[in-house]
1. For the range 119-143, enumerate the residues that are more than 30 Å from S70 (Cα to Cα) and either of a type in the set (V, I, T) or surrounded by 10 or more Cβ atoms within 10 Å (Cβ to Cβ) (or both).
2. Among the residues that make up the range 76-88, is at least one of them in contact with a helix residue (DSSP H, G or I) (Cβ under 9 Å, 6 or more places away or on another chain), in the same structural domain as L32 (by TED's automatic domain parsing) and either farther than 30 Å from A17 by Cβ or surrounded by 12 or more Cβ atoms within 10 Å (Cβ to Cβ) (or both)?
3. Filter the range 40-57 for residues that are aliphatic (A, V, I, L, M) and farther than 17 Å from K125 by Cβ; which is surrounded by the fewest Cβ atoms within 10 Å (Cβ to Cβ)?
4. Pick from I95, I111: which is among the β-branched types (V, I, T) and out of contact with any strand residue (DSSP E or B) (no Cβ under 7 Å at 6 or more places or on another chain)?
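The values are calculated or read from the model by the stated rules, or taken from the named source; none is laboratory data. Since the model is a prediction, treat every value here as computed from it, not as a measurement. Glycine gets a Cβ as well: all are built from the backbone with ideal geometry, and neighbour counts include every protein chain shown.
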Amino acid sequence: MSAPQTASQSSTQTVPAGQWLIVEGSTPAYFLYKLISGQVGIYKEGQKIATVTVHPGAPPRFLGILSTLSADREHRASVKAETDVEVETIYIDHIRGILAHEVPREIRQTIQAMIEAIVIADEIKSLRRKLSHMPVVELEIPETLDPELKHILTELRKLYECLIYDQECREQF
């Protein structure tokens with residue numbers, strides 16, 4: 001599933017339960033998948049964050065769409081088949097070509113703004129998830145330190161505590 005296809009190619013296949021369709025990380029994505037039927041788990045940083053199910057005859061769902069939208073083509077999440085799934089494999093450049101050349105001119109700017117917002121919002125969610133898994137630390141500032149260093153460390157601690165403990169403060173950042 002990792003070799004590039006030409007833009008005109010797509011194929012439908014059955015992927016067995018337990019197989020990874022998409023792996024999060026720095027390897028550039030060549031494909032995205034249209035889930036036609038079955039159930040997959042979505043994982044970010046090793047944590048399952050969602051389940052997507054498409055019943056036979058229901059509208060399909062795209063998997064890996066963020067890699068199509070982002071400049072680096074990195075998959076932002078991993079996808080694992082939880083049941084046998086039927087997917088259509090679609091070359092990313094085909095989707096990019098449609099968005100770049102087939103979207104009517106009058107809505108291209110709107111589509112581009114939506115894409116930028118989606119990518120930024122996904123990055124924010126990822127950072128929030130990372131922050132929530134970080135251990136909370138307490139900084140004890142020794143009295144024997146230079147007064148200027150103590151002042152700097154006190155400000156650092158205030159900012160940290162604001163961001164970690166105060167919801168209103170977190171929303172400002």
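1. If the condition is that a residue be more than 30 Å from S70 (Cα to Cα) and either of a type in the set (V, I, T) or surrounded by 10 or more Cβ atoms within 10 Å (Cβ to Cβ) (or both), then V136, V137, L139, I141 are the ones that fit.
2. Residues of the range 76-88 that are in contact with a helix residue (DSSP H, G or I) (Cβ under 9 Å, 6 or more places away or on another chain), as a first pass: 76-77.
Going one step further and asking which of them are in the same structural domain as L32 (by TED's automatic domain parsing), we end up with 76-77.
Keeping just the survivors that are either farther than 30 Å from A17 by Cβ or surrounded by 12 or more Cβ atoms within 10 Å (Cβ to Cβ) (or both) gives 76-77.
Yes - at least one qualifying residue is present in the range 76-88.
3. My answer is V54.
4. Numbers: I95 fails: out of contact with any strand residue (DSSP E or B) (no Cβ under 7 Å at 6 or more places or on another chain).
Answer to the selection: I111.
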